[in-house]
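See structure below.
The values are calculated or read from the model by the stated rules, or taken from the named source; none is laboratory data. Everything numeric in this text was worked out from a predicted model, so none of it was measured. Glycine also receives a Cβ, built like all others from the backbone with ideal geometry; neighbour counts cover every protein chain displayed. Note: accessible area is taken over every heavy atom of the protein model, side chains too, but ligands, DNA and RNA are not part of it. Shrake-Rupley method; radii C 1.70, N 1.55, O 1.52, S 1.80 Å.
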Amino acid sequence: MSEPLDVTPDPALTEKVVNLAKRRGFVFPSAEIYGGFRSTYDYGPLGVLLLRNVKNQWWRSMVQMRDDVVGLDAAILSPPAIWAASGHLTTFSDPMVDCRKCKERWRADQIGETCPNCGSKDLTDARDFQLMFKTNAGPVEDEGSVAYLRPETAQGMFTNFMNVLTTTRKRPPFGIAQVGKSFRNEITPQNFVFRTREFEQMEMEYFVPPDEASTWFDYWVAERFSWYTDLGIPDSMLRLRPHDPDELSHYSAGTTDIEFLFPWGWGELEGVANRTDYDLKAHSAASGERLEYFDQAANERYTPYVIEPAAGATRAMMAFLLAAYDEDEIAGETRTVLRLDWRLAPTQVAVLPLSKKAELEPVAREVLGLLQPHFQCDYDVTQSIGRRYRRQDEVGTPWCVTVDFDTLEDRAVTVRDRDSTEQVRIPIDQLLATLVGRTSAH
Ligand code: GAP
């Protein structure tokens with residue numbers, strides 16, 4: 001982990017990426033035909049692929065490539081008992097102030113003494129605003145039917161601790177990983193999908209013997225930092241920031257954030273926290289169930305400590321887009337290119353018949369069929385080949401395969417590389433091996 005360089009973010013970058021995301025079908029404002037709905041977003045045909053790739057890469061590194069972490073997919077709707085025990089009902093709030101002049105609402109800790117909207121200093125006193133979404137499960141709307149949409153995925157891992165322990169026979173140190181939606185009634189959602197009320201998290205709770213907690217904490221901070229750099233975010237756009245004692249969450253004995261250099265400044269991508277035995281003990285006390293591990297060799301029972309790397313999937317997707325966005329010059333023309341790692345790129349290979357003429361279609365479709373089981377492919381016959389290359393560059397497609405009239409004679413195609421724009425002629429029967437070879441650096 002190198003010291004971050006002094007990089008100055010481009011303030012216009014957010015707008016460029018937001019425009020690209022809308023124009024090319026990554027992210028749409030939700031309910032747009034009704035004028036949109038309060039900072040909610042829908043992921044379009046390319047966005048759903050990119051977001052899925054981010055989540056898959058997380059799952060691959062956290063679950064598939066390890067033998068000490070298992071997965072879980074817990075319910076989003078949850079009873080108040082969970083959130084009473086976890087401390088969220090009493091402490092999961094932000095301080096809110098109203099501007100008496102323009103009536104805007106703000107998070108007191110983000111604005112100081114002046115309303116950012118109208119400049120008035122006539123603000124109400126700060127009061128706590130509960131961030132959890134409350135609803136009712138079932139037909140009767142009374143106190144007995146209250147349910148909450150989870151504000152973090154983590155609690156499902158704690159409430160299922162014994163289920164996972166007994167069904168998998170794992171022993172500390174071991175982890176439970178989960179990817180899924182969480183909901184927070186944020187007072188000021190902002191910066192596109194950076195802070196929204198509905199978002200996706202990728203969290204892992206790693207249960208360890210208490211005396212190993214600090215070693216595992218350091219291990220997970222380093223591991224998670226390199227996940228981002230391995231997938232293409234430059235070291236210079238990332239930094240680690242340990243929390244001051246007064247900003248720690250109610251459950252944490254220590255948290256280090258992995259921050260990304262967003263166009264508006266450094267912002268959290270992920271927090272790695274030492275949650276101690278806080279959650280397991282709290283749920284044990286509230287439920288009456290023993291949530292402990294019995295170490296047979298030592299003949300002792302203990303409550304594991306928890307090290308938690310907690311990342312945002314939608315926020316990470318935005319960081320990957322911002323880090324990948326580039327403009328360069330090709331043959332005197334400016335091009336926009338997303339330099340996404342091939343594992344994240346929504347389309348990995350685009351198959352492009354040179355012309356719409358019917359005789360190219362059978363061989364172009366044969367090439368598509370050859371590649372589709374191995375890569376996410378696009379097939380595009382519209383517009384000139386140059387414009388089609390630009391369209392693929394703009395959404396980060398690493399390789400384009402062009403089928404032309406010579407292909408009918410020599411059974412070879414042209415493979416074009418997004419970053420170098422270099423083109424090479426490859427026989428169709430070596431195409432798959434060639435493309436797989438290009439991915440094998442990872
Ligand atoms: N279980 C611990 C936990 O939830 P957190 O720091 O509140 O910790 C973890 O959330 C990650 O989830 C954050 O680093 C961020 O990436 C993402 N996240 C949190 N609130 C979000 C929001 N309103 N919109 C988008 N992502 C959010």
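The three principal axes of the Cα atoms in segment 36-153 give end-to-end lengths of 56, 40, 30 Å, sorted in falling order.
Modelled this way, with points 7 Å down the Cα-to-C-beta line, the labels at K101 and R66 are 5.1 nm from one another. The modelled label-to-label distance between Q423 and S355, using points 7 Å beyond Cα along the C-beta direction, is 1.5 nm.
Applying 1/(1 + (r/R0)^6) with R0 = 25 Å to the Cβ-Cβ distance of S145 and T90, what FRET efficiency is obtained, to the nearest 0.05? For S145 and T90, the calculated efficiency is 0.75. Highest mobility in the GNM of the chain, judged by mean-square fluctuation with C-alpha springs under 10 Å and restricted to V48, V424, V351, is found for V424. Looking at the chain alone, DSSP beta bridges between its own residues are antiparallel in about 85 percent of cases. Quick check: net charge around A31, other residues with Cβ under 10 Å of its Cβ, Lys/Arg +1 and Asp/Glu -1? Surrounding charge for A31 is -1. Under the simplified labelling scheme, the E212-F129 pair shows an inter-label distance of 4.3 nm, with each label point 7 Å from Cα along Cα→Cβ.
Could you tell me which of rounded, prolate or oblate describes segment 9-98, using a ≥ b ≥ c as the square roots of the eigenvalues of the alpha-carbon gyration tensor, with rounded for a/c under 1.5 and, failing that, prolate when a/b is larger than b/c and oblate otherwise?
Details: a/c = 1.99, a/b = 1.20, b/c = 1.67.
In terms of gyration-tensor shape, oblate.
With the contact rule set at Cα under 8 Å and sequence spacing of 6 or more, what percent relative contact order holds for the chain? Write out the running numbers ahead of the final one.
On the way: 805 pairs, mean separation 60.0, N = 442.
The value is 14 percent.
Counting heavy atoms of the protein chains alone, K181 has an accessible area of about 80 Å² for a 1.4 Å probe. Partnerless cysteines in the chain, where a partner means another cysteine C-beta under 4.7 angstrom, comprise C377, C400. When the Gaussian network model of the chain links Cα atoms closer than 10 Å, the mean-square fluctuations of R388, R339, R275 top out at R388. Distance between the C-alpha centres of segment 205-224 and segment 4-74: 27 Å, rounded to the whole angstrom.
In the context of the full set of protein chains, residues of segment 312-442 present 43 Å² of accessible surface per residue (probe radius 1.4 Å, heavy atoms only). Starting from the Cα of A12, step 7 Å toward the Cβ, then list every residue of segment 261-297 with an amide N under 19 Å from that point. Label zone hits: 262-265.
So how strong a dipole does segment 72-202 carry about its Cα centre when Lys and Arg Cβ are +1 and Asp and Glu Cβ are -1, to the nearest 20 debye? Before the final figure, lay out the partial values.
Working: 16 positive and 16 negative charges, 81 e Å.
Result for segment 72-202 is approximately 380 debye, rounded to the nearest 20.
Please give the per residue volume of the convex hull enclosing the alpha carbon atoms of segment 250-391, rounded to a whole number of Å³. Can you show the working numbers first?
Details: hull volume 31.6 nm³, N = 142.
Normalising the Cα hull of segment 250-391 by residue number yields 222 Å³.
For the pair L432 and H250, what calculated FRET efficiency results from E = 1/(1 + (r/R0)^6), where r is the Cβ-Cβ distance and R0 = 51 Å, to the nearest 0.05?
0.45
Centre-to-centre, using Cα atoms only, segment 322-399 and segment 189-203 are separated by 30 Å. Summarise the accessible area of segment 347-441 (1.4 Å probe, protein heavy atoms) by the percent that is carbon and sulfur. C and S atoms contribute 49 percent here. In a simple Cβ point-charge model (Lys, Arg +1; Asp, Glu -1; nothing else charged), the chain has a dipole of about 1120 debye relative to its Cα centre.
Treating each Cα of segment 327-442 as an identical point scatterer and summing with the Debye formula, the log10 of I(q)/I(0) at q = 0.22 Å⁻¹ comes to -1.31. For segment 167-318, what does the alpha-carbon gyration tensor say about shape, rounded, prolate or oblate, given a ≥ b ≥ c as the root eigenvalues, a/c under 1.5 as rounded, and a/b over b/c as prolate? Prolate.
Coupling constants for segment 263-276 follow from the phi torsions by the Karplus curve (6.51 cos²θ - 1.76 cosθ + 1.60, θ = phi - 60°), and in residue order they are x, 9, x, 5, x, 5, 9, 7, x, 10, 10, 9, 7, 6 Hz; glycine and proline get x. With a Cα-only, solvent-free Debye model of the chain, what are the log10 I(q)/I(0) values at q = 0.09, 0.10, 0.14 Å⁻¹? The calculated log intensity ratios at q = 0.09, 0.10, 0.14 Å⁻¹ are -0.70, -0.84, -1.34.
Under Stokes-Einstein, with the Kirkwood radius over Cα pairs standing in for Rh, what whole-number D in µm²/s applies to segment 136-194 at 37 °C and 0.692 mPa s? Provide the component values of the computation, followed by the final result.
On the way: Rh = 14.7 Å.
Estimated via Stokes-Einstein, D reaches 223 µm²/s.
Loop-resident GluC sites (Glu not before Pro) (DSSP state other than H, G, I, E or B) in segment 103-156 with no more than 13 further Cβ atoms inside 10 Å of their Cβ: E113, E141.
Applying 1/(1 + (r/R0)^6) with r as the Cβ-Cβ distance of E333 and E113 and R0 = 60 angstrom yields a FRET efficiency of 0.75.
I'd like the carbon and sulfur percentage of the solvent accessible area for segment 99-249, probe radius 1.4 Å, heavy atoms only, ligands and nucleic acids excluded.
Details: 3400 of 7340 Å².
It is 46 percent, rounded to a whole number.
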